[in-house]
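Trainee: This is the structure I want to talk about, given as structure tokens.
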Amino acid sequence: MYNMKIIADKSLKWLVVCGFLLIGLALVVTQANRNKTLTANDLSGRVDMADKQYIELQTTQIKELHPHQHNHGDSLMSDSHHETVYSEPYFVEEDVWVTGYEIILHNAPVTVVHHITLYQPGVAGHICPYPYPKVLLTVGQDNMHKPNVEFPSPQGVLLKKGERLDFLAMFHNPLPPVGDGEEHENVYASIRLHTEAVAKSQRSEPVEFYLMYLQEEVSCDSDDFVFTVPPNTKNFSFRQDKEKSLKPGIHTFPSAGEIIFAGAHLHGWEGGEQLNVYINDNLEREYKTKRAEGEKYAWQTEQGPVKIPILPGDKIAIEAIYDNPHDEEVIGAMGMYG
């Protein structure tokens, strides 16, 4: 999820967005022209267009994204079930506000996306210490149904000159009934951050992404951001174990503020039904996942603007609900909120 820290004497605000990386600044995903292949020179660095500025990053391309068999009980995190590609690092050229963003998938349908993440190596995150990176934005396939997102003034994400940005995408291409299983060529993702120079901007409230997730193992390895759903179960509930030393599914707010945008990530194709959000042990909101209208393989999980006031010491916790009517357990279930 995103948290927002307000400058000077302004109150703290929290921006929560999920997208598998449950989730980020505000999930924005569009689909680009599938017949055009862009080069590294087409989308890189900063672009000035009249009074608009953009920072753009793109991953390297997967020349051939082959389909694979994904049986019930297989884990998407297995090496044979995904391929991850990365961008070249970008170093911010001046202090800027990120006022919005768009994520573009090239030459493939959204069903090949597991997650897309913008992050900062060398900067400690909210849950795991250095050398684990700080996540600025993460989006899952079920969050890719939203249009471009713009943050209302005076809010924005503050980036300082010299800060490093990196961008990655994890793709998978399962055969039916999980995905279309078609061959795809030159597949990659790009992100465009809409920016304003701090020196010329009227914005004053920096927002920050905060990601919550559920896991069984005590680990900062993203491969372990999963839990198991037993076989032949309905309405199976998984919540964070409060006794473990690492509790990414629970967070206590240090300051007063407001959650203004939030979303969830689940594996609908593995029986994910909904993610519940609790404030001080009271159910605050339910985020349901469903198959996208008119789609055989794409899923959508709710996200969007919210207004949830927060007091110092308030505790937020998440719960994932899954159904598993099969005789095999699900070993790669996910529940994220951001």
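Trainee: Can you tell which of VAL112, LEU159, VAL135 lies farthest toward the positive end of the dipole of the stretch 105-190, using +1 and -1 charges on the Cβ of basic and acidic side chains (Lys, Arg; Asp, Glu)?
Mentor: About the Cα centre, the residue reaching furthest to the positive side is LEU159.
Trainee: Enumerate the calculated ³J(HN,Hα) couplings along the stretch 56-67 in order (Karplus 6.51 cos²θ - 1.76 cosθ + 1.60, θ = phi - 60°), each rounded to whole Hz, writing x wherever the residue is Gly or Pro.
Mentor: Working through the residues one at a time gives 10, 10, 9, 7, 5, 9, 9, 4, 9, 9, 7, x Hz.
Trainee: Using each residue's phi in the stretch 273-284, evaluate 6.51 cos²θ - 1.76 cosθ + 1.60 at θ = phi - 60° and report the 3J(HN,Hα) Karplus result to the nearest Hz, with x for Gly and Pro.
Mentor: So the J values, rounded to whole Hz, are 10, 6, 10, 9, 10, 10, 10, 6, 6, 9, 4, 9.
Trainee: Also, I was wondering about something else. If you place +1 on the Cβ of every Lys and Arg and -1 on the Cβ of every Asp and Glu, how big does the dipole about the Cα centre of the stretch 180-256 come out, in debye to the nearest 20?
Mentor: About 640 debye.
Trainee: Of ASP323, ASP142, how do they rank once you tally other Cβ atoms within 10 Å and put the fewest first?
Mentor: ASP323, ASP142
Trainee: Let me ask you something else. Which of ASP327, ASP224, ASP180 comes first, and how do the rest follow, when ranked by fewest Cβ neighbours within 10 Å?
Mentor: Going from sparsest to densest Cβ surroundings: ASP327, ASP224, ASP180.
Trainee: Something else now. To the nearest µm²/s, what D does Stokes-Einstein give for the stretch 233-338 at 20 °C and 1.002 mPa s, using the Kirkwood radius over alpha carbon pairs as Rh?
Mentor: 144 µm²/s
Trainee: Quickly rank 280-286, 56-62, 186-192 as a protection proxy: mean count of other C-beta atoms within 10 Å, highest first.
Mentor: 186-192, 56-62, 280-286
Trainee: Could you list ILE310, ILE316 so that the one with the fewest beta carbons within 10 Å of its beta carbon is first and the one with the most is last?
Mentor: Least to most surrounded, the residues fall as ILE310, ILE316.
Trainee: Using the Karplus equation 6.51 cos²θ - 1.76 cosθ + 1.60 (θ = phi - 60°), what ³J(HN,Hα) coupling, rounded to whole Hz, does each residue of the stretch 243-260 give in order, writing x for Gly and Pro?
Mentor: 8, 7, 5, 10, 10, x, x, 9, 9, 10, 6, x, 9, 6, x, 7, 7, 10
Trainee: Follow-up question, since we're still on this one. Please work out how much length the chain gains when fully extended from ARG291 to ASP241, using 0.36 nm per residue of separation minus the C-alpha to C-alpha distance, in nm with one decimal.
Mentor: In short, 15.0 nm is gained.
Trainee: Tell me which residues come under 5 Å, amide H to amide H, from GLU93 once H is placed; ignore anything under 5 positions away on its chain.
Mentor: GLY162
Trainee: Work out the FRET efficiency for SER204 and GLU94 from their Cβ-Cβ distance, taking R0 = 25 Å, and round it to the nearest 0.05.
Mentor: Efficiency at R0 = 25 Å is approximately 0.90.
Trainee: Please state the equivalent ellipsoid semi-axes for the stretch 59-180: what are the square roots of 5 times the Cα gyration tensor eigenvalues, largest first, in whole Å?
Mentor: Output for the stretch 59-180: semi-axes of 30, 17, 14 Å.
Trainee: Okay, moving on. I'm a student and want to see the number: the projected area of the Cα convex hull of the stretch 186-302, averaged over all directions, in nm².
Mentor: It is 12.3 nm².
Trainee: Another one. Tell me which residues come under 5 Å, amide H to amide H, from ILE310 once H is placed; ignore anything under 5 positions away on its chain.
Mentor: GLY257, GLU258, ILE259
Trainee: What aspartates and glutamates does LYS200 reach when the alpha-carbon gap must be under 12 Å and sequence neighbours fewer than 8 apart in one chain are set aside?
Mentor: Once the sequence-local aspartates and glutamates are set aside, what remains near LYS200 is ASP51, GLU94, ASP95.
The numbers here are math on the coordinates, done by the rules we state, and not lab data. For clarity, every value in this text was computed on a predicted model and none was experimentally measured. Positions of Cβ are backbone-derived with ideal geometry, glycine not excepted, and every protein chain shown enters the neighbour counts.
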